[in-house]
Every structure is written in structure tokens, then in C-alpha cells.
Amino acid sequence: MNKIMWITGHVTRRIFHDAILCNLKRNQAARQWLCTTLTKPSSISDHILYPNANKKLKEYLDKLKETQSGRAHENGHMLNSVLQRYEHRLVIVDQYKELASETANESEEEMIDLVREEKQRFSEVLTQIDEEIIDDVIALNDNDSDVSSIMLEVQAGIGGQEAMLFAGDLFNMYARYIKFKRWDHELIEEDSTELGGVRSASILVRGYNAYEVLKHEAGVHRVQRIPKTEKGGRIHTSTAVVTVVPCADDIQIKLNPNDLRIETKRSSAPGGQNVNKLESAVRIVHIPSGIAVECQEERTQLKNKQIAMRKLHNKLWNIEFTKQVSSQITTRKNQTGLRTRNEKLRTYNFPQSRVTDHRISGNGGTVHNLDEFLSGNEHFDEFIENVNKLIQRQKLNDILDSKI
């Protein structure tokens with residue numbers, strides 16, 4: 001029965017469309033009226049006409065299409081991707097306009113429902129395309145190097161033992177989140193305290209999109225809670241600093257053995273008599289730069305040396321990376337609100353079980369499920385996604401303002 005109704009409706013719709021087109025061909029005035037009145041911009045919502053309902057974005061894309069038409073695209077597949085998606089969008093909008101003009105005077109309820117469903121389908125497709133266009137436009141104008149892995153580090157800030165406890169909570173949250181995302185990871189360093197906190201801890205993460213997801217976590221995180229050591233029940237405010245260091249493949253760091261001074265010593269870390277009797281701890285000094293790193297986490301000198309070499313490599317990579325982008329840092333900071341360590345990104349209020357991201361205005365930047373948030377599961381993932389979307393939109397506006 002439902003199939004018969006669908007076929008009947010489809011035939012009715014086709015007959016109706018044909019009748020409309022036939023009448024329009026006979027009546028030139030009516031056809032012009034429909035084209036100019038029913039399909040004019042005021043009769044179609046902005047989210048249909050403009051990508052992401054952004055007139056500036058449409059102007060940018062039209063200009064990009066005009067200037068790049070018939071030219072060899074020096075930016076490769078990214079530029080091609082933007083233009084192809086935009087061309088696809090224009091075709092869909094034309095189809096939407098045609099549907100609107102053909103069914104403008106329809107009064108039959110069943111036909112109206114079919115038209116409504118068809119328009120909803122168009123709208124959903126356009127929403128998806130708009131998200132892809134925005135990602136492509138940002139990638140096209142992004143000066144960051146390709147990143148294959150990152151070093152995420154958490155350091156205790158202001159607040160003494162409470163800051164170290166909070167840094168430990170943050171690091172554990174990120175470690176659980178990394179496992180939740182199923183990224184490859186390796187603990188590089190963890191300087192723990194007797195109370196269970198950390199002075200500093202770092203983890204190497206390798207995974208698709210890991211840098212894009214986590215790079216906006218860098219900055220100062222603030223906690224408001226009653227410390228375990230507080231007997232008077234007073235709420236203390238402490239901080240921890242999160243850094244996210246990108247590790248790309250295009251910057252080659254060659255370590256000359258003659259430039260390295262390698263020292264060994266007995267480990268002071270817990271681990272039994274073996275680490276305290278043998279000189280398993282390794283300290284490496286890069287003589288040209290003066291950078292020194294050390295590792296004593298593993299039981300053997302060889303493993304500690306390998307980890308220390310990797311830490312030194314990443315520090316030197318970061319210096320080189322900073323040199324390469326130094327000319328754009330000031331511009332990017334002004335345009336995209338590049339976050340520094342001195343800026344307060346997020347507050348974790350334990351008495352109210354509240355987390356507030358200060359980059360998001362209104363209730364959208366606040367959640368009231370602190371325990372679930374710190375578990376690093378889908379609740380944390382959803383929150384990060386919302387933050388990244390906001391920052392992406394800010395980047396898009398900055399790009400459009402600078403290009404138009």
C-alpha cells in the first residue's frame with residue numbers, strides 16, 4: 001500500500017511539474033514573474049544561498065573561482081577541493097531554486113509534504129558541504145606545517161602541592177582521552193610527587209588529526225577546590241600549564257655526536273636497588289644550543305638514552321619550527337587570538353562541579369559534569385569539538401577580513 005502511495009505521489013509530482021513547466025512556456029509573463037519574484041534572494045533563506053549563511057564567504061569563494069578559473073593551481077589539491085565543493089554547492093542551490101519555482105503555487109497537501117522533504121534533503125546536503133568548504137578554506141590559508149605527532153606536556157603552575165595534584169589530574173585526563181581516541185602514544189616523562197601529583201609529565205602522541213584536536217588545549221588551566229591538605233575548608237585557586245608541541249616530518253634535525261655531551265649517573269627515582277646501584281640515568285647536553293635533557297624512567301641506560309635523545313630532538317625541532325613561523329606569529333596572534341601560556345583558558349570549579357572555557361561566551365562554554373569531564377571520554381570529546389568549532393569560525397572570519 002505504501003509503495004502504491006509513493007508511486008502515485010511520484011507520478012502526481014511529475015505530472016504537476018510538467019504542467020507547471022508547460023504553462024510557463026505558454027505564459028512568458030508568468031514565467032518571468034516566478035523567476036524574478038519567487039526565486040529572488042528574499043524568498044530563500046540565507047543558509048541556502050550563502051555557505052554557512054556567510055555573505056563574506058560567498059564573496060571570497062566567487063572571487064577565488066574567478067581568479068583561479070583555467071589556471072594551474074599552485075596550491076594543489078586543497079585549492080581544487082575548495083573550488084569543486086563550491087561548484088557542487090552552486091549546482092544544488094540552482095536545483096533548490098528550480099524546485100521552489102516549480103512548486104510555488106502548489107496547494108495539495110501531499111505534494112506540499114513531498115516538497116518539504118525534498119527541501120530538507122537539500123538543506124542537509126548543503127550543511128555538510130559548508131562544513132567541508134570551511135575546513136578547506138582554513139587549511140588553504142593555514143601556515144602550519146603538516147604534523148604527524150605531538151608532544152603533550154603538563155606542568156604544575158602556581159599553587160604548590162595543590163598545583164601539582166591538579167597537574168596530575170589534568171595529565172591523567174589527557175592520557176585517558178588519548179586512549180579513548182585510540183591514538184598511538186608513549187609516556188616520555190613523569191616527575192611525580194609523594195602525594196600523587198606531578199611536577200611535569202609529557203606524552204608523545206601519534207595519530208590522525210591529533211594535533212588539530214589538541215592544539216587549542218595549550219595554555220593555563222585553573223582549578224578552584226578545597227585541597228586535600230587544607231584543614232580549614234577554604235577553596236584554593238591553583239594553575240597548571242598545558243603545552244602541545246607539534247612534531248612534523250618536514251623539518252629534519254640531524255644530531256652530530258660531536259655536538260653532544262652524554263653523562264650518566266645513578267637514578268634517584270623509585271624502582272628498587274637496580275636503579276640506585278647502576279648508572280642508568282642519562283643526561284645529554286647539546287653543546288651548540290646549550291639545551292640539556294635527562295631521563296631516568298627506565299631501568300636500563302640504553303632505554304633512557306633513547307628517550308633522552310628523542311626529547312632533545314623534539315626540543316630542537318620546536319626551536320626550528322618557531323624560527324620558521326616567527327614572521328607570522330604576530331599576525332596570527334592578532335587575527336586568530338593565538339593563545340599563550342599567560343592566558344587563562346579554562347576553569348575547573350570542584351565545589352560547583354563546573355568546567356568553564358573562557359573562549360566560549362554564554363552557557364555554551366560551561367558544563368556541570370566535572371567528574372565525567374575529567375574521565376576523558378565522550379563528554380570531554382564533545383566539549384573539545386565545540387571549542388575547536390568556535391576557534392575555526394574565528395579563524396574563518398579573520399581569513400575573510402584579510403582577503404576581502
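Computed from the coordinates by the stated procedures, all read-outs in this text should not be read as laboratory data. Note that the structure is a prediction, hence the values are computed from the model and not measured. Here the Cβ positions follow ideal geometry from the backbone for every residue, glycine too, while neighbour counts run over all protein chains shown.
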Requested in this report: Could you list which residues have their amide H under 5 Å from that of Ser148, counting only those 5 or more apart in sequence or on another chain, with H placed in the peptide plane?
Outcome: Cys247, Ala248, Asp249
Requested in this report: Just grab the label-to-label distance for Asn386 and Glu108, each label 7 Å out from Cα along the Cβ direction, in nm (one decimal).
Outcome: 4.6
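What does the C-alpha gyration tensor say about the overall shape of region 101-181? Classify as rounded when a/c is under 1.5, otherwise prolate if a/b is larger than b/c, or oblate.
Numbers: a/c = 4.63, a/b = 2.62, b/c = 1.77.
Prolate is the answer for region 101-181, as a/c is 1.5 or above and a/b outweighs b/c.
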Requested in this report: Give me the distance in nm between label points sitting 7 Å out from Cα along the Cα-to-Cβ direction at Tyr208 and Glu131, one decimal.
Outcome: 1.5
Query raised in the report: Among Val220, Val285, which comes first, then next, by fewest other beta-carbon atoms within 10 Å?
Result: Val285, Val220
Query raised in the report: Which pairs, out of Lys181/Lys303; Lys179/Lys344; Lys215/Lys344; Lys228/Lys311; Lys181/Lys215; Lys55/Lys119, put more than 23 Å between their alpha-carbon atoms?
Result: Lys181/Lys303; Lys179/Lys344; Lys228/Lys311
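Between Glu263 and Ile235, what FRET efficiency comes out of the Förster formula 1/(1 + (r/R0)^6) with R0 = 45 Å and r the beta carbon distance, rounded to 0.05? Show your work: numbers first, answer last.
On the way: r = 44 Å, r/R0 = 0.99.
The formula returns an efficiency of 0.50 here.
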Query - Selection of GluC sites (Glu not before Pro), region 162-259, meeting DSSP coil and at most 15 other Cβ within 10 Å - result: Glu194, Glu230
Query - Extended-chain gain in nm, criterion 0.36 nm per residue less alpha-carbon gap, Gln306 and Gln84 - result: 75.3 nm
**Report entry** Built amide H within the under 5 Å cut-off of Gly157, gap 5+
**Finding:** Thr239, Ala240, Val241
